[in-house]
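The values are calculated or read from the model by the stated rules, or taken from the named source; none is laboratory data. Just so it is clear, the model here is predicted, and its values are computed rather than measured. In this analysis, Cβ positions are derived from the backbone assuming ideal geometry, glycine residues included, and neighbour counts consider all displayed protein chains. Protein only, heavy atoms only, side chains kept; ligands, DNA and RNA dropped before computing areas. Shrake-Rupley method; radii C 1.70, N 1.55, O 1.52, S 1.80 Å.
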Amino acid sequence: MTWNRRYSLMCYIKSSLWVVPVLALLAAIAVKRLAEYLGSWLVGLGFYDLQSGFFGVNEAEAHAILDRIFSLNLSCLVFTFGSLLVAIQVAGGQYTPRIIATTLLRDNVIRWIVGLFLFNLIWVNRTMIQMGSLADVPQFQIFLAIVFALASLIAFIVLIDYCAKLLRPVTLAGRIGEQGVLAIDSVYPNPTNDLPAHATPVKRHKNSSLQTHSRGALSNARPAGSRKTPVRTVLHSGNSSIVVAVNLDGLIAEAQRANCMIDLAIQVGDFLSVDEPLFYLHGVVDDVDVERLRGFVAMAAERTMEQDPMFAFRIEVDIAIKALSPAINDPTTAVLAIDQLNRMLRMVGRRSLQDHEILDNQGQPRVVFRTPDWEDFVHISFREIRFYGAGSLQVERRLMAMLDNLMRSLPKHRHAALKIEMKLLEDSIAQAHKATDDAALARIPDTQGLGGASGVRA
């Protein structure tokens, strides 16, 4: 199996609700067999007899208990799936559809509790069948069924409380922020420094032991777009999809083997149609295995965050602008999303973001891998929210506080893009507020949106 197929399979497993319940079904079959042998062993050792047992229930009572337990778990299961579908529709409509696969369907608490319900259903059904073939009531199996039923009941109550908290705006925005921080740390592991943007050291891939250097240290390094005409262009084959991950280590090894340089024509998150350029090859390309190269790029119908921190920004911005729509009109939720954008953008501003050439151990450039630059992250964090939030005091004051915080905490070479956003925000405030007092109030930085810093600074 190629790398991209393995990666796609793992992503599918992580975002599929059915995987854990199916494993629970298989576990129920195996554990039930073991429990039956254990019950027979306990009877043989004289720990209890089948007439008195743990509860001493007769056959009619045992059937009634199992029937009620089966109905309980079936009701919990139906209610859970029904509520989950409603929650997905509400969350997708009120926040953004992109949180369904990235957050709701990947939640292990929901999947394991659903698995527990199915486990109990199989257990009870197997116990009913076992009672039909035995002369006496299997007391030990009834006891375990009651224990699992109590566990299911507690899990159901926990699930209701958990889902109610999960669907809160602060929880969803926080979860996306956590995933974004992990993606930033993975894709941009190297810190930046107080150098001009064009001289920022090239980042090093986290899983690679290969050497990397700044652009100025490369005699043959050229900015993207000014590179010489490639010797060969590798086109994308298969279905039109979105690039979700790239195996840089595999590309570097293939470039070393063929003694060439591989320039990725795309970056993670791009939509790629059939027959569009996927790789530009430079140098000796006769021995390059094209199909192997294609196998190092994972494609999917929807973006993921593992190698795409920009997607976390995109989701937070979508939550904010959806909250600012006239149909919802919830600027407080937009402020919660801006809180996470501030957190992620501050982290991005302290990392090296430049496009780079990855060198092998002999200092030869092998792979060119493009990632979003600082201006891209700044634009996505401010432009749309400023446009849709024009006139909202909460949003304007929170954006002011965000810009103030970033310019105080980030290196100076990050300030140019932030100053542009500050000017645009001030112009937007002047246009949106005709009253002088409202405009003055909107220009006060406030981390709470409205009410946290009134009068502190005009």
Considering the range 306-329 alone, what residues qualify as being touching a residue at least 60 places away in the same chain (Cβ under 8 Å), open to solvent by 10 Å² or more (accessible area, probe 1.4 Å) and not small (G, A, S)? E306, Q307, M310, R314, D318, I321, K322, L324, I328
The conditions are (1) among the small types (G, A, S); (2) farther than 23 Å from L425 by Cα; (3) in a helix (DSSP H, G or I), and A337 fails exactly one of them. Which is it? (2)
Among the numbered conditions (1) closer than 30 Å to R303 by Cα; (2) crowded, with 16+ Cβ neighbours inside 10 Å; (3) in contact (Cβ under 8 Å) with a residue 60 or more places away in the chain; (4) not charged (D, E, K, R), tell me where I100 comes up short. (3)
Considering residues that are of a type in the set (A, V, I, L, M, F, W, C) and open to solvent by 10 Å² or more (accessible area, probe 1.4 Å), the number found within the range 336-345 is 1
Starting from the range 78-91, keep only residues that are within 25 Å of N120 (Cα to Cα), then list their pairs with residues that are among the acidic types (D, E) whose Cβ atoms are within a distance under 8 Å, requiring at least 6 positions of separation or different chains. none
For the range 388-432, enumerate the residues that are among the β-branched types (V, I, T) and open to solvent by 40 Å² or more (accessible area, probe 1.4 Å). I420
Test V244 against the stated conditions and say whether it is buried (at least 19 other Cβ atoms within 10 Å of the Cβ), under 18 Å from the mean Cα position of the chain (by Cα) and not in a loop (DSSP other than H, G, I, E, B). yes
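Results for (1) open to solvent by 40 Å² or more (accessible area, probe 1.4 Å); (2) touching a Pro at 6+ places or on another chain (Cβ under 6 Å), shown as yes or no for each residue.
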site: F81; (1), (2): yes, no
site: G93; (1), (2): yes, no
site: W112; (1), (2): yes, no
site: L118; (1), (2): no, yes
site: F140; (1), (2): no, no
site: L153; (1), (2): yes, no
Run V43 past the list (1) more than 30 Å from D161 (Cα to Cα); (2) at pLDDT 80 or above and report the number of the one that doesn't hold. (2)
Single unsatisfied condition, D136 versus (1) part of a helix (DSSP H, G or I); (2) open to solvent by 60 Å² or more (accessible area, probe 1.4 Å): (1)
